[in-house]
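Worksheet: one structure, shown below.
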Amino acid sequence: MQWKMLLVDDHILFRQTLELALRLAPDFQVVGAAGNLHEALQLAGQHQPDIALVDLNLDGTLEGYEFIRLARTRQLAMQYLVVTMYDHDEYVLHAAMAGATGFITKNMPYEDLLNAARKVCQGKTYFATPRAREIWNQVPGRHPLLSQRELEVLHLLVEGEKDQEIAEKLFLSVKTIEVHKSNIKKKLGIASTRQAIKFALENKL
């Protein structure tokens, strides 16, 4: 399987070097590279990537955060891995609140970046440090066992959406939605969708 990837970083040398390196990774195809918010949204809409590698700090502002937030409101079906120079708590918090499911710093080995991207594409989470994961788990609307996609499915179930409607909104098949629902119930240790909805409401997910 080959995942389509979008690079979002305002440092041209880093962006181009990473794109060249990723050509050797058989499971990824770089479909676009953007240096600002406008380019990133345009390329995301045009190529529908599976994952975006995003630097939160673009041109001295948090445009990377804004890109993730806007892309999610437009229901672009991709995962987000933040790749940044900084591991400060506020950066992790911004990434988590925007909807990223991975956080890694630019001083990590390239192999770690590939591993992080693969995990995020598989619907899992990846955080470079225990502290980063701790912060992510504390953000309201998160759950340490549920992936970002599973939370999205659960939120739509709470809103009363049916499997077909959820599939259409998330650009997935009904069968995939059924798998996500099954995984949610297993992870939460409950037997029914109704119990999952009740759990989400009681825990403010």
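Looking at the range 63-79, which of its residues are free of Cβ contacts under 8 Å to residues at least 60 places away in the same chain and among the hydrophobic types (A, V, I, L, M, F, W, C)?
Just the residues of the range 63-79 that are free of Cβ contacts under 8 Å to residues at least 60 places away in the same chain, to begin with: 63-74, 76.
Matches in the range 63-79: F67, I68, L70, A71, L76.
Scan (1) surrounded by fewer than 17 Cβ atoms within 10 Å (Cβ to Cβ); (2) assigned to a helix (DSSP H, G or I); (3) aliphatic (A, V, I, L, M) for the single condition A191 breaks and write down its number.
(2)
In the range 1-62, which strands (runs of 3 or more DSSP E) lie fully inside it and hold 2 or more residues that are without any contact (Cβ under 8 Å) to a residue 24 or more places away in the chain and under 25 Å from R74 (Cα atoms)? Steps first, please.
On the way: elements: 3-8, 28-34, 51-54.
In the range 1-62, there are no strands (runs of 3 or more DSSP E) which contain 2 or more residues that are without any contact (Cβ under 8 Å) to a residue 24 or more places away in the chain and under 25 Å from R74 (Cα atoms).
Kindly indicate the residue of the range 70-95 that is closer than 18 Å to Q48 by Cβ and among the charged types (D, E, K, R) and also nearest to the chain's Cα centre (by Cα) among those meeting that condition. Write out each step before concluding.
Filtering the range 70-95 for residues closer than 18 Å to Q48 by Cβ gives 70-81.
In the following step, the residues that additionally are among the charged types (D, E, K, R) were identified as 72, 74.
Numbers: R72: 9, R74: 14 Å.
Per the stated criteria, the residue is R72.
From (1) within 18 Å of A128 (Cβ to Cβ); (2) modelled with pLDDT of 95 or more; (3) under 14 Å from the mean Cα position of the chain (by Cα), pick out the condition that doesn't hold for A98.
Exception for A98: condition (2).
Can you tell me which of V120, V82, V158, V92 is touching a residue at least 24 places away in the same chain (Cβ under 8 Å) and assigned by TED's automatic domain parsing to the domain that holds S173?
On the way: V120 fails: assigned by TED's automatic domain parsing to the domain that holds S173; V82 fails: assigned by TED's automatic domain parsing to the domain that holds S173; V92 fails: assigned by TED's automatic domain parsing to the domain that holds S173.
The match here is V158.
The values are calculated or read from the model by the stated rules, or taken from the named source; none is laboratory data. Just so it is clear, the model here is predicted, and its values are computed rather than measured. Backbone-built Cβ (ideal geometry, glycine too); neighbour counts: all protein chains shown.
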